[in-house]
Amino acid sequence: MIDKITNYAEALSFIHGRHKFVKFPTLKRMLRLANLLGEPQKQLKFIHVTGTNGKGSVTAYLRDLLVSQGYDVGTFTSPFIEKFNERIAINGQMVSDNTIVSLVQKVLPAVNQVDKEYVENGGGPTEFEVLTAMMLVYFAQSQPDFVIAEVGIGGTYDSTNIIEPLISVITSVGMDHMKVLGNTLAEIAANKAGIIKKERPIVCGALPTEALTVVQERSQAMQAPLYQLGKQFTVTPKKVANYWGETFAYHFSDVTLKKVQLQMIGGYQIENAAVALTTFLVLMQQLSQPVQPHELTKSLKHTTWPGRFEKINDEPLIVLDGAHNVPAMQGLKQTLQQKFSGQKVYVLLAVLEDKQFNEMIAELEQVSNLSLYLTDFAGPRQTMKQSELAAQWQTFPQFDHWQEALGEIISQMSADDLLLITGSLYFVSEVRRYFK
């Protein structure tokens, strides 16, 4: 048991030293922790966001839309790209090192108490539960107008699910985290649909039929109004020559936007922006607040989010993307085929071992103008084993160190080629620091 935290390094060590998972999922530990801290979650107005992919982008679009209207907006996101503190922010500004220390000091007695109470029942708070507690305490102190809270994994038993949000959001449902969430889309959707609360609106992106059925049944059971992409709100992609990002038309209720432009690239970003925009409009309806269409388009055009098809070099063109599961890789493949079919594409890929890396590689293999290089990085968990890769993907060059692979690729590239570095947000984070 730790009784004293005096500096930033000790604070991070304490957080990361907590166990990651528990055998039997429950919200009881988190509820007890919040109770000992004075129920900070009851002092805040939340928008709750879950989904297999798209959570970070939706959060960024929604944050900027709200900030454009003069609101102060807290965000709780994961993982971080450059620094741990990014996970708790207001108006896009991450908390300071001193704030992290102060928050750990505040939650420490409560964590120690729950440790004692649960010593015979699976152990005390997990790392993410401690972080969630810190977030709740911080925002209860600083009182932003709204807090956009991303789910860690799933929904039903995620530590963030002790909140009572104004609106819930499900960005997407795909096959990921199967060991925790289930082996079918229906099981995964049921877990994510656990964030739907009684009579609170739910906004969802384009979901597979199997997942959508589950979400519809849950929303009906909870009497929660459902706003679904393709039904209550629609998008129509548009092609604009020589524009880096995406362009689309949008319609919802009495709002029609004929030309919305995004900096972030990929058809899935159109869906993410539409989900965020609808969530914003539903919230404004709740508050009886009028909105100006030109303010909405201006906000969306300026939103960025690190590690989401992020351009970090122009010649040669180098892009970072944190696609870390099969659905994300399918979206990435589509982007490459639609926007970069006329140029040579190099991909440097590193994936965590517990992901479906064989299936992810198989998606990229379908891009005809692509050369794939496989590598490793210093991730939080084991990465894909070279021996397993050699057996199935021996035609692709493999490197023990990504820096070596990077040098090899750049030596072959011309000024017109694209290098895409992808496979994991943790990998992208490491590479991004190298380029900075």
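Here are a few things to note about the model shown:
- Residue-normalised accessible area of segment 69-174, expressed per residue, 1.4 Å probe, Å²: 32 Å²
- The stretch between GLU295 and ALA249 holds 15.0 nm of extra length on full extension. This uses 0.36 nm per residue minus the Cα-Cα distance.
- Legend: calculated FRET efficiency, ASN183 to LYS259, from the Cβ-Cβ distance at R0 = 45 Å, rounded to 0.05, equals 0.60.
- Of the chymotrypsin sites (Phe, Trp or Tyr not before Pro) found in segment 355-436, no site is in coil according to DSSP while having at most 14 other Cβ atoms within 10 Å of its Cβ.
- Each residue, ASN242 and GLN343, gets one label point 7 Å from its Cα in the Cβ direction; the gap between the two is 1.5 nm.
- Fraction of antiparallel bridges per DSSP, the chain only, in percent to nearest 5: 40 percent
- At a probe radius of 1.4 angstrom, the accessible area of segment 241-367 per residue rounds to 40 square angstrom.
- In plain terms, the chain from HIS302 to ALA378 could stretch by 24.1 nm, reckoned as 0.36 nm per residue minus the Cα-Cα distance.
- Phi-derived couplings, Karplus 6.51 cos²θ - 1.76 cosθ + 1.60 at θ = phi - 60°, listed residue by residue for segment 351-356: 10, 5, 4, 7, 9, 7 Hz, with x used for Gly and Pro.
- Under the Karplus curve 6.51 cos²θ - 1.76 cosθ + 1.60, θ = phi - 60°, whole-Hz ³J(HN,Hα) for segment 60-68, x wherever Gly or Pro sits: 5, 4, 5, 4, 5, 4, 5, 4, 5
- Pairs of Cα atoms in segment 24-172 fall into 10 Å distance bins, from 0 up to the last occupied one, in shares of 12, 43, 36, 9, 1 percent.
- Multiplying the residue separation of ASN98 and GLU10 by 0.36 nm and subtracting their alpha-carbon distance yields 30.5 nm.
- Cut-off under 5 Å, modelled amide H: who pairs with ALA89 long-range: THR75
- Pairwise centroid distance, computed over Cα atoms, of segment 4-21 with segment 254-297, Å: 39 Å
- The chain - Kirkwood radius from inverse mean 1/r over Cα pairs (Å): 22.6 Å
- Rounded to the nearest whole Hz, the Karplus-based 3J(HN,Hα) values (6.51 cos²θ - 1.76 cosθ + 1.60, θ = phi - 60°) of segment 399-413 follow the sequence 10, 5, 10, 5, 4, 5, 5, 4, x, 4, 5, 4, 5, 9, 6, with x at glycine and proline.
- Whole-angstrom gap from segment 38-56 to segment 314-361, using each part's C-alpha centre: 29 Å
- Residues whose amide H falls under 5 Å from that of SER371, counting only those 5 or more places apart or on a different chain, are VAL345, TYR346, VAL347, with hydrogens built in the peptide plane.
The values are calculated or read from the model by the stated rules, or taken from the named source; none is laboratory data. Because the structure is predicted, anything quoted here is derived from the model rather than measured. Reconstructed Cβ throughout: ideal geometry from the backbone, glycine too, with neighbour counts over all protein chains shown. Ligands, DNA and RNA are stripped out before the accessible areas are found, and what is left, the full protein with its side chains, is counted by its heavy atoms. Shrake-Rupley method; radii C 1.70, N 1.55, O 1.52, S 1.80 Å.
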